[in-house]
Amino acid sequence: MPEMPAPRRAFYLVEQDEMSIQKPGRNDPCPCGSGKKYKQCCQQHEVSTVAQKNAMLAAVPNAMRMAVAHHRAGRLPQAEAIYQQVLGVMPRQPDALHLLGAIALANGNIPLAVEHIKKAISINPANPEYYSNLGFALHEHGQLEDAVAAYRKALSLKPDYAGALYNMHALLLPADPAAAVANLNQVLSLAPQDLDARFMLAVLLDYTGDAVAAEAQFKLLENGGGLTQARLDAWRYLKSANPRKMPPIVGSMMQTFKLALDAAPKQGLVLEFGVRFGNTIRQIAGLARQPVHGFDSFEGLPEVWHHEPKGSYTTKGEIPKVPPNVQLHVGWFEDTLPVFLEKRGDAVRFINIDCDIYSSTKTVLELLAPRMVVGSVLVFDEYIGNEHWRDDEFKAFQEAVARYGWAYEYLCFSVFTKQVAVRITALGKH
């Protein structure tokens, strides 16, 4: 199947001749979108109305082709609009539902992604792509056992499904790195040009002490592009920063949060910067079992971030639903965080920093520096793995370390999610 862009790992688009264009049954919802059963609506209408309906149904394959072309080109709003139009004509068109889920996932709206893809599966339970993408959505959502089950279902339907094998490897960490290596070897036997899989394989071989095999894989990446070179640079940095023993390698955000919160002090502020649709703060709230404070403007990036324009990642005014123990502080960090800190004298227990950009991360660290204590834990969401990783969250943290005299240790890292967790081990003078 051809691939299309998506976070972490590509989704797979169905071929047009495989799309499920189903004729409605008498008791199905009417394809005109009225909400009535087909037998109570268009089936009873005059020939002209039936002819109009048939014309609309006949247009669906072309509409899907147009939507998929937009989708592949990264024009997600245009693709989304057409998928919605298709569902107005055929509410049970599974590929449109599935690909709407793919867009929701690419946009970070994980609950909506899960909802759409599960609907597609209920209509067509034989499509392995649906299960693989559901697995990835659940993976991102922190429902790891359900994610594994979905990946396994995809592989039962299509044993040579490279995408499911790749994503599955991450959930085999840290418990079974040998099985993760086996998955990646299988991916590369199917897709030898898959640079993501080759890099992950090289890292895991190096991490587990198989230096000779790792070097053979790293050599095959030497002439890779800018992103590959940045990832190699990040791996060399992590090794140099942990010369005695590497911290645990994990394969999901949920694993990072659990390890980080377990290592943090038992009391103090639990904060997140960069909430967006609330996916990570819901996971943190379930683990922390205390009040959690989320900060976000919900207006997207405040400035250009490399290739991402100002306003990227906006929720378009949507404030996410969050658990009862979460309080959201809406606005720019430099406005909302000082007001919050004036009312609270607590030290920092745990921070999830999903700011992406240098300036926002710097603002957060400067304002919270007086609240750091020995044991405070920080998780950075975009610390390694991006092409410009040294210019973003990493740079802001290293500058704060130098400015405030912090010593720290890495608690875990993930080359799959690009996260690291660090714990402050000593404080200098502020």
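The values are calculated or read from the model by the stated rules, or taken from the named source; none is laboratory data. In this text the structure is predicted, and so the values were computed from the model without any measurement. Don't worry about glycine lacking a Cβ; one is built from the backbone with ideal geometry, like all the others, and counts go over all protein chains shown. Calculation scope for accessible area: heavy atoms of the full protein, side chains included, ligands and nucleic acids excluded. Shrake-Rupley method; radii C 1.70, N 1.55, O 1.52, S 1.80 Å.
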Hydrophobic (A, V, I, L, M, F, W, C), in contact (Cβ under 8 Å) with a residue 12 or more places away in the chain, farther than 20 Å from C412 by Cα and in a helix (DSSP H, G or I) - does that describe any residue in segment 340-356?
yes
Would you please list the contacts, defined by Cβ atoms under 9 Å and residues six or more apart or on different chains, that run from a residue in segment 402-429 that is farther than 30 Å from A170 by Cβ and modelled with pLDDT of 95 or more to a residue that is of a type in the set (K, R) and in a loop (DSSP other than H, G, I, E, B)?
Y404/K429; G405/K429
Out of everything in segment 334-380 that is surrounded by fewer than 19 Cβ atoms within 10 Å (Cβ to Cβ) and of a type in the set (A, V, I, L, M, F, W, C), what residue ends up being farthest from V203 (Cα to Cα)?
V339
Segment 369-383, residues that are touching a residue at least 60 places away in the same chain (Cβ under 8 Å) and either of a type in the set (K, R) or over 12 Å from A421 (Cβ atoms) (or both)
A369, P370, R371, V373, G375
Could we say that E318 is free of Cβ contacts under 8 Å to residues at least 24 places away in the same chain, part of a loop (DSSP other than H, G, I, E, B), of a type outside the set (A, V, I, L, M) and open to solvent by 40 Å² or more (accessible area, probe 1.4 Å) here?
no
Are any of the residues in segment 254-270 closer than 26 Å to Y161 by Cα and of a type outside the set (S, T, N, Q)?
yes
Checking the condition surrounded by 12 or more Cβ atoms within 10 Å (Cβ to Cβ), under 16 Å from the mean Cα position of the chain (by Cα) and not β-branched (V, I, T), which residue from G278, G294, G286, G311 passes?
G278
Given the conditions (1) among the polar types (S, T, N, Q); (2) at pLDDT below 95; (3) open to solvent by less than 10 Å² (accessible area, probe 1.4 Å), report the number of the one that S132 does not fulfil.
(2)
Quick check on this structure: which one of A170, A164, A179 is in a helix (DSSP H, G or I), touching a residue at least 60 places away in the same chain (Cβ under 8 Å) and open to solvent by less than 40 Å² (accessible area, probe 1.4 Å)?
A170
All positions within segment 386-409 that are open to solvent by less than 30 Å² (accessible area, probe 1.4 Å), under 11 Å from Y358 (Cβ atoms) and assigned to a loop (DSSP other than H, G, I, E, B):
D392
Single unsatisfied condition, Y383 versus (1) over 16 Å from D233 (Cα atoms); (2) open to solvent by less than 50 Å² (accessible area, probe 1.4 Å); (3) among the aromatic types (F, W, Y)
(1)
